[in-house]
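The values are calculated or read from the model by the stated rules, or taken from the named source; none is laboratory data. This one's a predicted model, so the numbers in the text were calculated from it and none came from an experiment. We place every Cβ from the backbone using ideal geometry, glycine too, and count neighbours over all the protein chains shown. For accessibility, only protein heavy atoms count, side chains too; no ligands or nucleic acids. Shrake-Rupley method; radii C 1.70, N 1.55, O 1.52, S 1.80 Å.
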Amino acid sequence: MSRLSSFLRSRCTLQGNAASWRTSIASGGGIFLFLYLLQPFGISQYRGSIFLMCLGFGMLTACVLWLGSVLFFKTLSYRKIPVTNGHQILYSIGIELAMAVSMTVYAAFFFHIPLTGRLFWVFFYWTFLVWVIVTGIFTLINYNRMLNGRLEELIRKTTNEQAGIVITLHDQNLRGSDLTLPVNDLLYIEARKNNVCVCYRNEGKTVKTELRSTLTALKAALPYDNIFQCHRSFLVNVNNICSAKGNSNGYQLRLSGCDDTVPVSRTFVPGLRRFVG
């Protein structure tokens with residue numbers, strides 16, 4: 001119970017999940033296309049204009065989402081109340097109920113059928129399924145957007161702080177050569193059996209060099225917060241991340257000036273979140 005209470009009271013980091021006018025229009029358009037193209041629930045039997053009837057459902061969806069967002073979140077903002085996860089859940093429940101009621105009334109008007117509890121339950125059930133899907137999609141989109149935004153802010157800060165810092169990666173092979181480079185030019189390091197592959201920038205080009213070493217040894221030699229172990233076989237320089245996509249099961253990182261993608265395994269996702277957050 002204490003964990004649940006803490007979660008509900010903690011500040012919501014995905015406030016973009018609240019419907020903006022763009023999200024509202026996109027959701028309404030999706031509902032219109034779904035109904036008009038598939039014509040479920042006996043819509044194909046309607047004798048009037050199916051286009052106008054489906055368009056009305058889409059517009060109703062957009063209006064309810066936008067109005068609900070404005071009333072709920074603007075009220076919190078006016079009262080200077082921070083948006084918590086509990087608020088976000090209440091908003092989702094309220095939108096679901098408002099959608100079910102408005103859809104029930106609209107359907108009863110167009111199909112000339114009485115308002116009943118059964119009719120309400122049918123629309124409550126289907127709007128709930130659609131709302132879960134829409135919420136899941138936009139949550140994922142907004143989370144990745146938030147993560148990329150925080151990464152950009154972090155990258156600008158640490159890149160400026162580390163300008164001029166030069167690192168040396170030691171090759172344990174007696175005939176090997178150590179690799180010296182600015183820390184901001186390091187992209188990632190990948191473990192390969194008894195060697196490691198170091199990917200870095202050199203005079204504007206992406207270069208890869210193999211050294212006789214271990215990921216553990218190089219990690220210990222790089223005492224910088226932005227050199228992050230994101231996988232059991234990878235170290236990545238967060239300063240050079242240009243995008244991050246994924247969820248709690250893992251991420252794929254893209255680095256500036258490099259075609260490779262660097263994985264963040266599920267084990268290291270919490271570390272990435274703590275680092276960014």
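The table that follows gives values for the structure above.
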item: Conditions (1) open to solvent by 20 Å² or more (accessible area, probe 1.4 Å); (2) touching a helix residue (DSSP H, G or I) at 6+ places or on another chain (Cβ under 7 Å): number failed by Thr104; result: (1)
item: Pairs, first in contact (Cβ under 8 Å) with a residue 60 or more places away in the chain in the range 254-272, second open to solvent by 50 Å² or more (accessible area, probe 1.4 Å), C-beta under 7 Å, six or more apart; result: Leu255/Cys242; Gly257/Arg201; Gly257/Thr206; Cys258/Thr206
item: Residue list for the range 65-86, restricted to those being surrounded by 13 or more Cβ atoms within 10 Å (Cβ to Cβ) and farther than 20 Å from Trp21 by Cβ; result: Thr84, Asn85, Gly86
item: Residue ID - farthest from Val130 (Cα to Cα), chosen from residues in the range 73-90 that are assigned to a helix (DSSP H, G or I) and out of contact with any Leu (no Cβ under 8 Å at 6 or more places or on another chain); result: Tyr78
item: Top-ranked residue in the range 118-129 [being open to solvent by 60 Å² or more (accessible area, probe 1.4 Å) and of a type outside the set (A, V, I, L, M, F, W, C); ranked as nearest to Tyr46 (Cα to Cα)]; result: Arg118
item: Breaking point among (1) within 18 Å of the chain's Cα centre (by Cα); (2) over 15 Å from Val183 (Cβ atoms); (3) of a type in the set (Val, Ile, Thr), for Ile241; result: (2)
item: One residue from Gly86, Gly117, Gly136 being more than 30 Å from Tyr224 (Cα to Cα) and modelled with pLDDT of 80 or more; result: Gly117
item: Counted residues, the range 21-54 - those being closer than 19 Å to Ala100 by Cα, hydrophobic (A, V, I, L, M, F, W, C) and open to solvent by less than 60 Å² (accessible area, probe 1.4 Å); result: 7
item: Extreme residue, nearest to the chain's Cα centre (by Cα), among residues of the range 186-204 that are touching a residue at least 12 places away in the same chain (Cβ under 8 Å), farther than 17 Å from Asp259 by Cβ and open to solvent by 10 Å² or more (accessible area, probe 1.4 Å); result: Ala191
item: Whichever residue in the range 205-227 is exposed (fewer than 14 other Cβ atoms within 10 Å of the Cβ) and free of Cβ contacts under 8 Å to residues at least 24 places away in the same chain and, among such residues, is nearest to Leu272 (Cα to Cα); result: Pro223
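Every residue, every condition in (1) in contact (Cβ under 8 Å) with a residue 40 or more places away in the chain; (2) over 17 Å from Ile133 (Cβ atoms), yes or no:
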| position | (1), (2) |
| --- | --- |
| Arg22 | no, yes |
| Phe32 | no, no |
| Leu60 | yes, yes |
| Leu65 | yes, no |
| Ser92 | yes, no |
| Tyr106 | yes, yes |
